[in-house]
Amino acid sequence: MKSLTEYLWFELPRRRGFVNITDTVEDLVRKSGVQEGLCLVNAMHITASVFINDAEEGLLQDFDDWLEKLAPHEPIGQYRHNRTGEDNADAHLKRQVMGREVVVAITKGRLDLGPWEQIFYGEFDGRRRKRVLVKIIGE
Amino acid sequence: MKSLTEYLWFELPRRRGFVNITDTVEDLVRKSGVQEGLCLVNAMHITASVFINDAEEGLLQDFDDWLEKLAPHEPIGQYRHNRTGEDNADAHLKRQVMGREVVVAITKGRLDLGPWEQIFYGEFDGRRRKRVLVKIIGE
Amino acid sequence: MKSLTEYLWFELPRRRGFVNITDTVEDLVRKSGVQEGLCLVNAMHITASVFINDAEEGLLQDFDDWLEKLAPHEPIGQYRHNRTGEDNADAHLKRQVMGREVVVAITKGRLDLGPWEQIFYGEFDGRRRKRVLVKIIGE
């Protein structure tokens, strides 16, 4: 069994944002030499997500609007968590909707993605350095 | 390490629907010959889901009603994504709630499911051909 | 390839609750002897979740309030599923938001978690015995 472990760093300039990381993950699959296996990509922080969806700017904005409706940032006093001095309770909630991780098949040495599948890092409490873990196992 | 890769095709006659694919996945586990391992099942399209829940008709209808409340299809003009000519922005959102994939343990050559766990394909923008990927690795 | 399969049992005294299971899972990783691999932790019941988020009491209460807003328990007659004699349709919905499973990387014989990542069992229909599956594969 082969394996590869890599940590990607992010620091987004605003509270919320999305970054397409498909090419970076694909490069790591190549580097791993794994032909058949699984690739786990997960946020290591609990106010961020890794998810797969469409690389379409309008849709990413729709996600942002929708998450803000499901779990509004303000008023920050509506969340018990924010009594700890934080203002990011909404980010913990938003990340549950979008998910922590994706697991992608590796077939013939490539990410086995559908035609429109793109891997995104989703940030809901930015302006700090955060990591994403890529773990590849297989043969 | 053994592995197996298979693609399941779906074309649902309506916009939304659920299909129980548990038996099909179980057959693939048997075919793989894997005794101990992991089975990834994921939608390859970004307006569909693979999830695990109960095979109860009333509940599946509850899911449909609930998702329509969380991310209504209409008015389609409420979503920026639909300005591209699509009308399926809601389907991209619904799929995030239900999830893209499941990872199921394989133990002694069988899917290691709880008593009520059933694997479903969830379609939110049907009437077109779509694929689900089954990737099995283990020994 | 090494593997380990373990079932954790829970019986929560109330309908809803969260249990931090990080140390238990970490112990199983040690027991497995796996140095590089993947650890799947999933609810085996469809009205419960396994998820990763913050071990902060206020936030856990925020999750509970928020899920109750997204998928209220009452009136129970609002859900078709409850016509079967159940009163737990909301629990099936809540679990989709929080997710069924997490997949965590194992690196150098340890769970490769970010600084605040903690693994939780989330119960939405308690007062009955339920299981969580831990499946570890790797080398």
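The values are calculated or read from the model by the stated rules, or taken from the named source; none is laboratory data. Just so we're clear, the structure is a prediction, and the values are computed from it rather than from any experiment. Backbone-built Cβ (ideal geometry, glycine too); neighbour counts: all protein chains shown. Accessible surface areas use protein heavy atoms only, side chains included; no ligands, DNA or RNA. Shrake-Rupley method; radii C 1.70, N 1.55, O 1.52, S 1.80 Å.
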Open item on the list: Please enumerate, by chain and number, the aspartates and glutamates with C-alpha under 15 Å from the C-alpha of B:Lys108, excluding those fewer than 8 residues away in the same chain.
Closed with: B:Glu26, B:Asp27, B:Glu36, B:Glu139, C:Glu6
- [ ] Enter the buried accessible area of the C/A pair, total of both sides, probe 1.4 Å, in Å² rounded to the nearest 100.
- [x] 2600 Å²
Task: Selected from A:Glu68, A:Glu86, A:Glu117 as most flexible by GNM, with chain A as the system and alpha-carbon contacts under 10 Å - done: A:Glu86
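Using the heavy atoms of the protein chains alone and a 1.4 angstrom probe, what is the accessible area of chain C per residue in square angstrom? Please report the intermediate quantities before stating the final value.
Numbers: 5290 Å² over 139 residues.
Per residue, chain C has an accessible area of 38 Å².
Kirkwood Rh, Cα Rg: Rg to Rh for chain A? Numbers along the way, then the final one.
Numbers: Rg = 16.1 Å, Rh = 15.7 Å.
With Rh from the inverse mean 1/r over Cα pairs, Rg/Rh is 1.02.
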TODO: With a 1.4 Å probe on protein heavy atoms only, tell me which residues of the range A:65-102 lose at least 50 Å² of accessible surface in the complex relative to the chain by itself.
DONE: A:Trp66, A:Leu70, A:Arg80, A:His81, A:Leu93, A:Gln96, A:Val97, A:Arg100, A:Glu101
TODO: Please build a GNM for chain A, connecting alpha carbons under 10 Å apart, and tell me which residue among A:Thr22, A:Thr107, A:Thr84 fluctuates the most.
DONE: A:Thr84
Open item on the list: Accessible area of the range C:1-105 with a 1.4 Å probe: how many percent of it is carbon plus sulfur?
Closed with: 47 percent
TODO: Please average, across the residues of C:126-138, the number of beta carbons from any other chain that are within 10 Å of each residue's own beta carbon, and give a whole number.
DONE: 3
Task: Inter-copy spacing of C:Arg14 label points, which lie 7 Å from Cα along Cα→Cβ, given in nm from shortest upward - done: 3.9, 3.9
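For each pair in B:Lys31/C:Lys135; A:Lys31/C:Lys135; A:Lys130/B:Lys2; A:Lys31/B:Lys135, compute the distance between the two Cα atoms and list the pairs where it is over 24 Å.
Among B:Lys31/C:Lys135; A:Lys31/C:Lys135; A:Lys130/B:Lys2; A:Lys31/B:Lys135, the Cα-Cα distance tops 24 Å for A:Lys31/C:Lys135; A:Lys130/B:Lys2.
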Open item on the list: Restricting the calculation to Cα positions, tell me the Rg (one decimal) and the Dmax (whole number) of the protein assembly as shown in Å.
Closed with: 19.8, 55
TODO: Work out the mean other chain Cβ neighbour count within 10 Å for the residues of C:48-55 and drop it here as an integer.
DONE: 4
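Just order A:93-100, C:129-136 by mean Cβ neighbour count inside 10 Å, highest at the front, would you? Each step should come with its number before you reach the end.
Values: A:93-100: 24.4, C:129-136: 21.1.
Highest-to-lowest ranking by the protection proxy: A:93-100, C:129-136.
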TODO: Could you work out, residue by residue across C:10-19, how many beta carbons of other chains sit within 10 Å of that residue's beta carbon, and then give the average as an integer?
DONE: 0
